[in-house]
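Reviewing the structure listed below.
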Amino acid sequence: MHTTLQQCQDALEAAQGQAQGLARTLAATLAHMYPHAAYLVLRRDPRSGELHLDSLRTAGGGTQCVFDDGALLPELTDPELRTAWGRTDPRDPQALRQLLRDLDRLATPFGRLPDAAQEQADPYEDTASLLCLVVNADAPEPEGHDREVTAHLALTVTEEVTYEFTAEVQLPAYVANNPNALRDYLADNEDIWLDHLDPLSGVTINERSLDDVELTLAA
């Protein structure tokens with residue numbers, strides 16, 4: 001007995017409908033585990049095309065969870081959702097990754113992470129490779145997420161600066177009478193003018209780079 005084109009189309013549509021329902025189950029599960037999570041963020045490997053778990057983020061882009069294959073997610077206590085997962089452990093990131101890859105093969109649409117959810121992202125992050133599954137776009141931000149805190153930091157900063165200042169110094173007469181030799185002489189004898197340099201005035205900062213920073217304990 002031959003399968004008709006209509007039967008195949010009906011089966012594909014049914015599978016896609018089930019996949020969309022499973023995606024909703026996944027979203028509801030993550031929303032239960034992480035009440036402040038708005039988006040499940042994914043990355044697609046540019047060579048293999050496979051999806052990888054990245055993180056759960058709030059509507060403003062704050063990180064709620066960074067996925068680690070060795071770390072289990074919180075317990076799922078909702079009995080209806082737990083029943084929907086059957087023998088699969090929803091806390092296992094590897095199981096979630098396989099589920100998402102199955103959904104991807106069934107043409108479940110994963111969108112781009114909204115611009116509003118990138119406000120708190122690392123400015124050097126490659127956001128072009130990010131995809132997302134909406135968990136709960138209306139999820140509230142964690143309490144106090146926008147408050148300011150006092151942090152003690154140890155910073156290493158490198159600056160390239162230009163100083164402009166006047167100085168009255170003692171010079172050999174032959175140098176004073178030979179302007180072409182003046183610069184080289186002063187470069188070799190910084191001690192005769194360095195004390196006149198004022199680091200707070202007449203300075204132009206040409207370039208500044210933050211080389212390193214770390215949180216430290218308050219003294």
| request: Could you tell me whether region 11-118 comes out rounded, prolate or oblate from its Cα gyration tensor? Rule is a ≥ b ≥ c as square roots of the eigenvalues, rounded for a/c under 1.5, then prolate if a/b exceeds b/c, otherwise oblate. | output: rounded
| note | Computed, not fitted: 222 nm per-residue ellipticity of the chain from DSSP H runs ≥ 4 (each -39500 (n - 2.57)), nearest 500, equal to -9000 deg cm²/dmol
| Residue separation times 0.36 nm, minus the C-alpha to C-alpha distance between A137 and R183: what's the value? | 10.1 nm
| message | Just want to confirm a number: the relative contact order over the chain, from Cα pairs under 8 angstrom separated by 6+ residues, in percent. | response | 22
| said: What whole-number distance in Å separates the alpha-carbon centres of region 30-99 and region 152-181? | reply: 59
| task | Please calculate how many Å² of accessible area the chain carries per residue, with a 1.4 Å probe and no DNA, RNA or ligand atoms counted. | result | 70
| query | Angle, helix 179-188 long axis vs. longest principal axis of the chain, Cα atoms, 0 to 90°, nearest 10? | reply | 60
| message | Tell me which of N206, A181, A23 sits at the most positive position along the dipole axis of the chain, charges placed on C-beta atoms (Lys, Arg +1; Asp, Glu -1). | response | A23
| query | If you compute Cα Rg over 2.2 N^0.38 Å for the structure shown, which of [x] 1.06; [y] 1.79; [z] 1.27 do you land on? | reply | [y]
| Relative to the longest principal Cα axis of the chain, at what angle does helix 93-105 sit, 0 to 90 degrees, rounded to 10? | 70
| said: Give me the net charge for the shell around Q98: Cβ to Cβ below 13 angstrom, other residues only, Lys and Arg +1, Asp and Glu -1. | reply: -3
| Within-9-Å neighbourhood charge of I205 [Cβ basis; K, R +1; D, E -1] | -2
| query | So how tilted is helix 5-33 from the main axis of the chain? Cα-based, degrees 0 to 90, rounded to 10. | reply | 60
| Taking all protein chains as present, what is the carbon and sulfur share of the accessible area of region 1-156, in % to the nearest whole number, probe 1.4 Å? | 50
| request: Let me know the charge dipole size of the chain about its Cα centre in debye, to the nearest 20, where only the beta-carbon of Lys, Arg (+1) and Asp, Glu (-1) is charged. | output: 1580
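The values are calculated or read from the model by the stated rules, or taken from the named source; none is laboratory data. Since the model is a prediction, treat every value here as computed from it, not as a measurement. Backbone-built Cβ (ideal geometry, glycine too); neighbour counts: all protein chains shown. Only protein heavy atoms, including side chains, enter the accessible area calculation; ligands, DNA and RNA are left aside. Shrake-Rupley method; radii C 1.70, N 1.55, O 1.52, S 1.80 Å.
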